[in-house]
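**Student:** This is the structure, below, for whatever I ask next.
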Amino acid sequence: VFLFILQLIMSGRKLVLGALFCLVLAMLPSHITVAVMSVDLGSEWMKMAIVKPGVPMEIVLNESRRKTPTVVCLKEGERLFGDSAMGVSVKNPKSVYRHLQSLLGKKYNNRQVDLYRKSFPEHQIQEDPVRGTIYFKNSEMQYTPEELFGMVLNYSRGLAQDFAQPIKDAVITVPAFFNQAERRAVLHAAHMAGLKVLQLINDNTAVALNYGVFRRKDIDGTAKNVLFYDMGSGSTTATIVTYQTVKTKESGTQPQLQIRGVFDRGLGGFEMDLRLRNHLAKLFNEQKKSRKDVRENHRAMAKLLKEAQRLKTVLSANVDFMAQVEGLMDDIDFKAKVTRSEFEELCADLFERVPRPVQDALTAAEMKLEEIEQVILVGGSTRVPKVQEVLLKAVGEELGKNINADEAAAMGAVYQAAALSKAFKVKPFLVRDAAVFPIQVEFTREMEEEEGVKTLKHNKRILFQRMAPYPQRKVITFNRYNDDFAFEINYGDLSFLSQEDLVFGSLNLTTVKLSGVGSSFQKHTDAESKGIKAHFNMDESGVLLLDRVESVFETVVEEREEESTLTLGNTISTLFGGGSSEPAPNVTEPDEEEVPPESGKDGKHEDSKDEGQKDKAAKEKDEDSGKNSGEEKKQEKTEEEEKNTANSEAEKEAEKKARPQKKSKISEDITVELLINDILDPTADDLTSSKKLQDLTDRDLAKQEREKTLNSLEAFIFETQDKLYQEDYQRVVTEEEQEQISAKLKEVSEWMDEDGYAATTKQLREKLSQLKTLCKDMFFRVEERRKWPDRLAALESLLNTSSFFLSARLIPENDQIFTDVELNMLEKVINETMIWKNETIAEQEKRSPKERPVLLSKDIESKLALLDREVNYLLNKAKFAKPKAKAKNSTSTDKSSKTNSTAEEKAIPPIEETLERAQPENHIEDEL
């Protein structure tokens, strides 16, 4: 379309240009290019990946590497992230916050909070009096874990945007054992960061998806079970995944992965780091180089933690290593030798726990080890040799290392992001995730006994079993209530968890209070109740939602006769929102599953009326209306007519009795009030903290912009001062101009030394603009002189090349390809170009180098383009020209016809030539 508009412009047809341009704008999407990202947020590291047009899947790099520490530093109005923040951790550990993932969705008295306080004693952790959660307090202000986590998410988006345009859509990985409160906390943090979360995907599911996407050809109708053993920094997860192709209505046969068994422990590489740190602290105290206990010095312990992390990595490849820290405490250096055997002895109990997640996963999936085809290692901590040794002995087969242990989750999550985004089309890969924790509904109801004594009975209904697949919808029906009531949503049986894994804020999730139940029964007293239906949804992120609650009734109505064509218009209008406002019958959604009620609980309500009584009342009403209408015309009827009318009414009554009846459902929404029992969601005021985070981001950007402007100003001063002594610049600048520029550069340089470092960004920009304006003419003269040789050489070469086409006039007329008009036009352009070149160069030679040049590079480029167009036209015509066939045994008649034809050709040029060569004097204007 753009090429067509360009042709219209060149041909001078500008009348339709406006309309066509508006059409093109209407055809363009609002966002011409889009991109989505994934964030694999681990306890210690985070990895980002993006999908954008032309780039299927790519890991996002920071300034130096492919993974970034999940760390934020808040110090004196300055925020640092990643490696920059880690650099501050050994100098000022109080201002550095890390391992925030373990604090999300936790109350102050949670066991995980106690462990965090022991690991990082330098932080002041206090309790939120409203929500019962925690917050960090420092000298500047207080921050919740969600806010700090939101800062990290915003930083990860900034890194991704360096590889693409602005990004808002993301898929974020979370540990599979995250409960409802923890998942909601991640969503709140993403909201504060301004990210739209397409899905929270379990990290083990993302790894399984990445593994399956690149092995689609190996997946068939036979189930294949693979166990992924993921030991990260903070936890260990063993996941059994079944790969198999299944048939779907939408896409036909597609591969699918199903999470069959997953189990988690508080076992990870960070616990090994802490034990090594404590061991190094013990060795330093035993050296007795200082009277102080190093464990009481927060800065020294931060240095030892950093050295312990390096030590663990080195011991994975060496049997011993010399740990050393310069100036550990009181300017005392520390050096000690640590062997791999000592490290394994320190973590002996941790290594004993390595096989447990495998056994627990097999138990949850109800499988045997023989059914597992392969065990694949994931996570950075699986690189510890002892971990692989113990695991290999437990599974008895070779461990797979054929995926990237660090980046598999990020790559799988970004594939899911592309699949969920409307901007990309990917091959379907079905995912059936599993909910680790069971969820049930509990309610209390009065029961009547034989003696009339009422007792309370506590009922439980399983909503989602342990390892239930999701996303999934469920419906629970309460059919013994006719007034307002409440029920509880709680976790189910968690006996399979150890005491260490019970880190829930509360086993009671939500209290649901229903109002409007009694009024709905009073409104539909003539209908049969089908119970109160609560519709639940566990979405793709594993978050449980209560979509709606409705009171459902069923009534019997007579089946109407088919409407005539005269009433078709009214029927169609009701389909599009017109007509009757009667509520539509309730239809259960196709993906909803009805939770079966308890035995003996499907009885009907006592106040439901008999259907025969309702029919009788309706008949009496119809008879009364018939009598009233008959009295108006009684005087005009004869006795015979009255008799016929009575017979007709009797026939209608008989037909009415024999008419079939059908049941109709009526649903009415019930008002729902949710009382969250585990972790209260942030209030509206708390969510406005996203504005606070945005203000911090704006402040960081403003600071970066000021530093960038300051560096540009400094660089311009130094570079320009150096250029004034270069030969190219001294040739084109006058003494007066050189003195003026030097004085201004010196003035700004002195201003920067005195006041520049406290100046605003606006002031710095103004100084830079003044200097650029002053030096503009000097730079222009130098730049033009540097461009002349190449431009003039190209023009001279093209002039010589184009002159060869003029020799085509020597070709006989019968074999001629080009017309006289075309060759004359080329000759005219060549002559004009040569005259302009010679005159302009001669004029330029008369001028001083210190004056503004008359020979401009843009004029040379314009002449080149005009001449090049003429040459290309002739080249293309010669390329596609067909040789003329010579006629044999030509007669005089043929010769005369040929002569006439030649004369006509000379008299009337071809229409293509007319269009191309009309108004040759306007070629330059058309080119512009």
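The values are calculated or read from the model by the stated rules, or taken from the named source; none is laboratory data. All figures in this text were calculated on a predicted structure; none of them were measured in a lab. Backbone-built Cβ (ideal geometry, glycine too); neighbour counts: all protein chains shown.
**Student:** Within the stretch 506-552, can you find the residues that are buried (at least 19 other Cβ atoms within 10 Å of the Cβ), in contact with a Phe, Trp or Tyr (Cβ under 8 Å, 6 or more places away or on another chain) and in a loop (DSSP other than H, G, I, E, B)?
**Tutor:** 527, 542
**Student:** Within the stretch 205-226, track down each residue that is touching a residue at least 40 places away in the same chain (Cβ under 8 Å), touching a helix residue (DSSP H, G or I) at 6+ places or on another chain (Cβ under 8 Å) and not charged (D, E, K, R).
**Tutor:** As a first pass, look at the stretch 205-226 and keep what is touching a residue at least 40 places away in the same chain (Cβ under 8 Å): 205-213, 216, 224-226.
From what is left, the residues that are touching a helix residue (DSSP H, G or I) at 6+ places or on another chain (Cβ under 8 Å) are 205-211, 213, 224-226.
Selection gives 205, 206, 207, 208, 209, 210, 211, 213, 225, 226.
**Student:** Checking residue 503 against (1) part of a loop (DSSP other than H, G, I, E, B); (2) touching a strand residue (DSSP E or B) at 6+ places or on another chain (Cβ under 9 Å): exactly one of these is not met. Which one?
**Tutor:** For residue 503, the failing item is (2).
**Student:** Next question. Determine which single condition residue 432 fails, assuming it passes every other condition in (1) surrounded by 19 or more Cβ atoms within 10 Å (Cβ to Cβ); (2) at pLDDT 90 or above; (3) within 29 Å of the chain's Cα centre (by Cα).
**Tutor:** Condition (1) is where residue 432 drops out.
**Student:** Among residues belonging to the stretch 234-249 that are touching a residue at least 12 places away in the same chain (Cβ under 8 Å) and surrounded by fewer than 22 Cβ atoms within 10 Å (Cβ to Cβ), point out the one that is nearest to residue 348 (Cα to Cα).
**Tutor:** Out of the qualifying residues, it is 234.
**Student:** Taking residue 363 as the residue in question, decide whether it is hydroxyl-bearing (Ser, Thr, Tyr), within 30 Å of residue 498 (Cα to Cα), surrounded by fewer than 22 Cβ atoms within 10 Å (Cβ to Cβ) and out of contact with any Cys (no Cβ under 7 Å at 6 or more places or on another chain).
**Tutor:** In short, yes.
**Student:** Being surrounded by 16 or more Cβ atoms within 10 Å (Cβ to Cβ) and either within 48 Å of the chain's Cα centre (by Cα) or within 30 Å of residue 706 (Cα to Cα) (or both) narrows it down to one of 767, 746, 772, 837, so name that one.
**Tutor:** Working: 746 fails: surrounded by 16 or more Cβ atoms within 10 Å (Cβ to Cβ); 772 fails: surrounded by 16 or more Cβ atoms within 10 Å (Cβ to Cβ); 837 fails: either within 48 Å of the chain's Cα centre (by Cα) or within 30 Å of residue 706 (Cα to Cα) (or both).
Within the list 767, 746, 772, 837, the selection yields 767.
**Student:** Something else: Would you mind stating whether residue 796 is assigned by TED's automatic domain parsing to the domain that holds residue 858 and charged (D, E, K, R)?
**Tutor:** Answer is yes for this residue.
**Student:** Same structure, new question: Picking from 843, 827, which residue would you name as being out of contact with any helix residue (DSSP H, G or I) (no Cβ under 7 Å at 6 or more places or on another chain) and in contact (Cβ under 8 Å) with a residue 12 or more places away in the chain?
**Tutor:** Sole residue among the options that is out of contact with any helix residue (DSSP H, G or I) (no Cβ under 7 Å at 6 or more places or on another chain) and in contact (Cβ under 8 Å) with a residue 12 or more places away in the chain: 843.
Conditions (1) modelled with pLDDT of 85 or more; (2) over 19 Å from residue 115 (Cα atoms); (3) out of contact with any strand residue (DSSP E or B) (no Cβ under 8 Å at 6 or more places or on another chain), marked per residue:
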| site | (1), (2), (3) |
| --- | --- |
| 128 | yes, no, no |
| 134 | yes, no, no |
| 138 | no, yes, no |
| 145 | yes, no, no |
| 157 | yes, yes, no |
| 161 | yes, yes, yes |
| 165 | no, yes, no |
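**Student:** Residues being surrounded by fewer than 24 Cβ atoms within 10 Å (Cβ to Cβ), at pLDDT 90 or above and within 16 Å of residue 230 (Cα to Cα): count how many of those fall in the stretch 405-429.
**Tutor:** Looking only at that region, the number is 1.
**Student:** Quickly run through the stretch 853-890 and pick out the residues that are at pLDDT 90 or above and assigned to a loop (DSSP other than H, G, I, E, B).
**Tutor:** 853, 854, 855, 856
**Student:** Within the stretch 738-749, can one find any residue that is over 25 Å from residue 783 (Cβ atoms) and modelled with pLDDT of 90 or more?
**Tutor:** Yes, some residue in the stretch 738-749 is over 25 Å from residue 783 (Cβ atoms) and modelled with pLDDT of 90 or more.
**Student:** Now, a different point. Based on what the data block shows, is residue 674 in a strand (DSSP E or B) and either modelled with pLDDT of 70 or more or exposed (fewer than 11 other Cβ atoms within 10 Å of the Cβ) (or both)? Steps first, answer last, please.
**Tutor:** Numbers: in a strand (DSSP E or B): yes; either modelled with pLDDT of 70 or more or exposed (fewer than 11 other Cβ atoms within 10 Å of the Cβ) (or both): yes.
It is true that residue 674 is in a strand (DSSP E or B) and either modelled with pLDDT of 70 or more or exposed (fewer than 11 other Cβ atoms within 10 Å of the Cβ) (or both).
Condition check ((1) under 30 Å from residue 501 (Cα atoms); (2) surrounded by fewer than 18 Cβ atoms within 10 Å (Cβ to Cβ); (3) touching a residue at least 12 places away in the same chain (Cβ under 8 Å)) across all residues:
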| site | (1), (2), (3) |
| --- | --- |
| 273 | yes, no, yes |
| 277 | yes, no, yes |
| 289 | no, yes, yes |
| 293 | no, yes, no |
| 301 | yes, no, yes |
